[in-house]
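Structure first, commentary second.
The values are calculated or read from the model by the stated rules, or taken from the named source; none is laboratory data. None of the values given here were measured: they were computed from a predicted structure. In this analysis, Cβ positions are derived from the backbone assuming ideal geometry, glycine residues included, and neighbour counts consider all displayed protein chains.
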Amino acid sequence: MNVFWFIPTHGDSRYLGTTQGARAASHDYFRQIAVAADTLGYDGVLLPTGRSCEDAWVVASSLIDATRRLKFLVAIRPGVSSPQFAARMAATFDRMSGGRLLVNVVTGGDPSELEGDGVFVSHDERYAVTSDFLKIWRGILEASHHGQAYDYAGDHLVSKGGKVIYPPVQQPYPPLYFGGSSEAAHELAAEQLDVYLTWGEPPQAVAAKIEDMRRRAARHGRALKFGIRLHVIVRETDEEAWAAAEALIQHLDQDTVAAAQAAFQRMDSEGQRRMAALHGGQLHDEKGGRSHLEISPNLWAGVGLVRGGAGTALVGSPETVAARMREYAELGIETFILSGYPHLEESYRFAELVFPLLPGKAVTQPARGLLSGPFGEVMATEIVPGRSNKQTVPA
């Protein structure tokens, strides 16, 4: 089980939809989160992309020296940059980081935003462009290990003598991640991608996606790995976690939700449509409550009321959240890309509470008498805390 965290380059807050409790999207803050994720044992971090975010490649590059083993899942946007240029960027980042680059292929989005970036093709045409883009990107990086150039003539993009002099560390290229729920997206992922990502839908919907993707990939003689993008709200008890979920949206009103949902409706993303359908764009149900936001046991759609993209959160105690993650893992999910508000504190909370319950993620305890790991605050100048007040170790 691989567990990733998130660098909030579009901003962070204690509450959704308000400036109260908000934090500046600064380099110092991104660095704090990256160092925390690296130190706590997260496998990687996702950096979002789009005009609402600081540039993912620049931010990720600035964090290489601040971290030791953390991997960076960074987006490329076919149609916005050329595959040749993107291949050189990827190779350089991979070399400078010692092989810690993962690449997130982002094709969908808001048509108005894409037009602002110079992309004026239809939904399905974007996926056709992405197909050419990836063939060139992959071909150039594969050829770079042999000192060769790569030629390709597609319907939308052409490479003539495309070449990377300095190959990436990872062979044949840094792994390609991708998410998309449309027919065109599924076909593209089955043919060319390495890891298929889904947003946090109920387990039965995720199971159907995985089955479909496995069948499509098999037709191409390939096998995919799978990941899921979720928020998490974990507290020591289920009751505390649900109270924290309620607090996260306590400053929202229906007008704010409606404005956000109207903006999302401009998008031609099937995944965004599926996210919106989970909560129906309503802050309250017919009885004035919010029970409708729990769309599956411990899966809460409240985040998606005002946040685009991933809009669901696992809510509960450490045992509850770990159990729900294992349910997804049993379906075939290997990588969990998580986040929580605010991201710095929640990175610690999740690692401390849930990592010990996940396979391969238990926090290493120090040897008896050695202050080399998690030990808490030393008491009375010499007593190191144990698992309880009855278990103490002299320093």
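Quick look at the values:
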{"quantity": "Qualifying residue in the stretch 252-268 (condition: exposed (fewer than 13 other Cβ atoms within 10 Å of the Cβ), at pLDDT below 95, within 25 Å of the chain's Cα centre (by Cα) and within 25 Å of Lys209 (Cα to Cα))", "calculated": "yes"}
{"quantity": "Qualifying residue in the stretch 321-334 (condition: outside any loop (DSSP other than H, G, I, E, B), acidic (Asp, Glu), under 18 Å from the mean Cα position of the chain (by Cα) and assigned by TED's automatic domain parsing to the domain that holds Glu239)", "calculated": "yes"}
{"quantity": "Residue in the stretch 64-79 that is farther than 19 Å from Ser182 by Cα, surrounded by fewer than 20 Cβ atoms within 10 Å (Cβ to Cβ) and without any contact (Cβ under 8 Å) to a residue 24 or more places away in the chain present", "calculated": "yes"}
{"quantity": "Selection status of Phe93, of a type in the set (Phe, Trp, Tyr) and farther than 21 Å from Ser144 by Cα", "calculated": "no"}
{"quantity": "Some residue of the stretch 320-329 being touching a Pro at 6+ places or on another chain (Cβ under 6 Å), buried (at least 23 other Cβ atoms within 10 Å of the Cβ), in contact (Cβ under 8 Å) with a residue 40 or more places away in the chain and not acidic (Asp, Glu)", "calculated": "no"}
{"quantity": "Glu211 being touching a residue at least 40 places away in the same chain (Cβ under 8 Å) and either surrounded by fewer than 21 Cβ atoms within 10 Å (Cβ to Cβ) or not in a strand (DSSP E or B) (or both)", "calculated": "no"}
{"quantity": "Residue that is surrounded by the fewest Cβ atoms within 10 Å (Cβ to Cβ) [pool: residues in the stretch 115-159 that are at pLDDT 95 or above and among the aromatic types (Phe, Trp, Tyr)]", "calculated": "Tyr152"}
{"quantity": "Tally, over the stretch 217-252, of residues that are in contact (Cβ under 8 Å) with a residue 40 or more places away in the chain, more than 24 Å from Glu319 (Cβ to Cβ) and part of a loop (DSSP other than H, G, I, E, B)", "calculated": "4"}
{"quantity": "Extreme residue, farthest from Glu346 (Cα to Cα), among residues of the stretch 4-28 that are more than 18 Å from the chain's Cα centre (by Cα), of a type in the set (Ser, Thr, Tyr) and surrounded by 15 or more Cβ atoms within 10 Å (Cβ to Cβ)", "calculated": "Thr18"}
{"quantity": "Within the stretch 29-66, tally of residues that are over 18 Å from the mean Cα position of the chain (by Cα), of a type outside the set (A, V, I, L, M) and either outside the structural domain of Asp12 (by TED's automatic domain parsing) or part of a loop (DSSP other than H, G, I, E, B) (or both)", "calculated": "1"}
{"quantity": "Which numbered condition Glu115 fails, given (1) without any contact (Cβ under 8 Å) to a residue 12 or more places away in the chain; (2) in a helix (DSSP H, G or I); (3) within 28 Å of Lys163 (Cα to Cα)", "calculated": "(3)"}
{"quantity": "Top-ranked residue in the stretch 169-187 [being surrounded by fewer than 24 Cβ atoms within 10 Å (Cβ to Cβ) and in contact with a strand residue (DSSP E or B) (Cβ under 9 Å, 6 or more places away or on another chain); ranked as modelled with the lowest pLDDT]", "calculated": "Ser181"}
{"quantity": "Residue within the stretch 86-98 that is crowded, with 18+ Cβ neighbours inside 10 Å, in a loop (DSSP other than H, G, I, E, B) and modelled with pLDDT of 95 or more present", "calculated": "yes"}
{"quantity": "Set Ala208, Ala301, Ala241, Ala218: member being modelled with pLDDT of 95 or more and in contact with a His (Cβ under 7 Å, 6 or more places away or on another chain)", "calculated": "Ala301"}
{"quantity": "Filtered residues of the stretch 273-289 (kept if in contact with a helix residue (DSSP H, G or I) (Cβ under 7 Å, 6 or more places away or on another chain) and in contact (Cβ under 8 Å) with a residue 40 or more places away in the chain)", "calculated": "Met275, Leu278"}
{"quantity": "Ala189 vs. criteria part of a helix (DSSP H, G or I), closer than 30 Å to Arg349 by Cα and free of Cβ contacts under 8 Å to residues at least 40 places away in the same chain", "calculated": "no"}
{"quantity": "Flag if Gly108 is crowded, with 21+ Cβ neighbours inside 10 Å and part of a loop (DSSP other than H, G, I, E, B)", "calculated": "yes"}
{"quantity": "Contacts under 7 angstrom Cβ, first residue in the stretch 123-146 being without any contact (Cβ under 8 Å) to a residue 40 or more places away in the chain, partner among the aromatic types (Phe, Trp, Tyr), 6 or more apart", "calculated": "Gly139/Tyr150; Gly139/Tyr152; Glu142/Tyr173; Ala143/Tyr150"}
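Every residue, every condition in (1) surrounded by fewer than 16 Cβ atoms within 10 Å (Cβ to Cβ); (2) outside the structural domain of Val206 (by TED's automatic domain parsing); (3) within 19 Å of the chain's Cα centre (by Cα), yes or no:
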| position | (1), (2), (3) |
| --- | --- |
| Gly280 | yes, no, no |
| Gly288 | yes, no, no |
| Asn298 | no, no, no |
| Val303 | no, no, yes |
| Gly311 | no, no, yes |
